[in-house]
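> Please find one structure pasted underneath; my questions will follow.
None of the figures in this text is laboratory data; all of them are computed from the coordinates on show. It should be emphasised that the depicted structure is a prediction, and the values quoted were computed from it without experimental measurement. Methodologically, a virtual Cβ is constructed for each residue, glycine included, from the backbone with ideal geometry; neighbour enumeration extends over all protein chains shown.
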């Protein structure tokens, strides 16, 4: 197997860079549509460009996907500000409107949001106090605003929680109103008389009763008994430790290890396995790889792409061992990444 990257790989990378230069910050799905490849392969290209520091990635997410852009296109990320969450979006527009915010002059929720919108809010200190500036406001301009006393403290409405009024029993004085009409012969005068009745007793009364001496003694005995039971349980745990079960390796994993031994592949660290999956950091001819093995009849593009992402996190090339054959799309991915993937079938 030749380990030289094909011209097609560099061509696709150039097409992605040209697209971002014209279109600006974009999502992987738009880039995949432009270069006419599946989103998985496009994501693999983007990850490769990102590791080479040719492109940058946003902190905000559109769904589960970040935004990719070229260096110098940071200002254009505000096109995606509507995808921020509720409080973060409010804080974004507040910071954009004011240009600068004093950290201690805003509510706690806004301070938290400022720390989350890392694409747009940048912290700096002046006179031992923390401020936040908008991405389009330079630090020098922000300092000038502070020194000229032009830092506006925004009026942010804070919702108050109404205090719960304590209900206290009160004495209610009931008034019995009797209307006694006394109509004169002329029919013009009506006299209303109100009679006051007796006071009603309080609705309820709190009474404190102290437990009798015998009851107190019983409570103390019960508490002592409970403490003794806890001590006994702790002693049993110390004297009878649980035996750890040794996890037996399935037949597929034993076959993988046998194949690795035959090819002089040594396991270094992070060995993990299930019934049909195996991962470990290994050494092949003095070079470290992430080894991924799967017991599947057909290896898909998704299997390879997910394994590549794991390898990129560890900054290691991939050695993929499979019991089955790769399908057509998986073969295309192996062709694109000849230098980064070693594929072995048994």
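> In the range 251-345, what percentage of the DSSP-assigned beta bridges are antiparallel, given to the nearest 5?
50 percent
> Now, a different point. Size of the range 251-345 along its principal axes in angstrom, Cα-based, largest extent first?
30, 29, 21
> Label the range 84-147 by shape, choosing from rounded, prolate and oblate, from the square roots a ≥ b ≥ c of the eigenvalues of the Cα gyration tensor; if a/c is under 1.5 it is rounded, and otherwise prolate applies when a/b is larger than b/c, oblate when it is not.
Prolate.
> Cα centroid distance between the range 274-321 and the range 13-36, in Å?
Distance between centres, Cα-based: 28 Å.
> How high is the FRET efficiency from residue 54 to residue 93, r the C-beta distance, R0 35 Å, rounded to 0.05?
Calculated value: 0.65.
> Another question about this same structure. Order of 83, 336 from fewest to most other C-beta atoms within 10 Å? Could you put the intermediate results ahead of the total?
Numbers: 83 14, 336 20.
Final ranking by Cβ density, sparse to dense: 83, 336.
> Mind giving me the FRET efficiency for residue 36 and residue 264? R0 is 45 Å, r the Cβ-Cβ distance, nearest 0.05 is fine.
E(calc), rounded to 0.05, equals 0.65.
> Using r as the Cβ-Cβ distance of residue 274 and residue 147, and R0 as 51 Å, what FRET efficiency do you calculate, to the nearest 0.05?
With a Förster radius of 51 Å, E is 0.25.
> With a ≥ b ≥ c taken as the square roots of the eigenvalues of the C-alpha gyration tensor of the range 7-79, please select rounded if a/c is under 1.5 and otherwise prolate if a/b is larger than b/c or oblate if it is not?
It is prolate, given that a/c is not under 1.5 and a/b is the larger ratio.
> Can I ask one more? Run the quick spin-label model on residue 18 and residue 140: label points 7 Å from Cα toward the beta carbon, then report their separation in nm to one decimal.
3.8 nm
> Mind sorting 68, 337, 93 by how few other Cβ atoms lie within 10 Å of their own Cβ, fewest first?
The most exposed by this proxy come first: 93, 337, 68.
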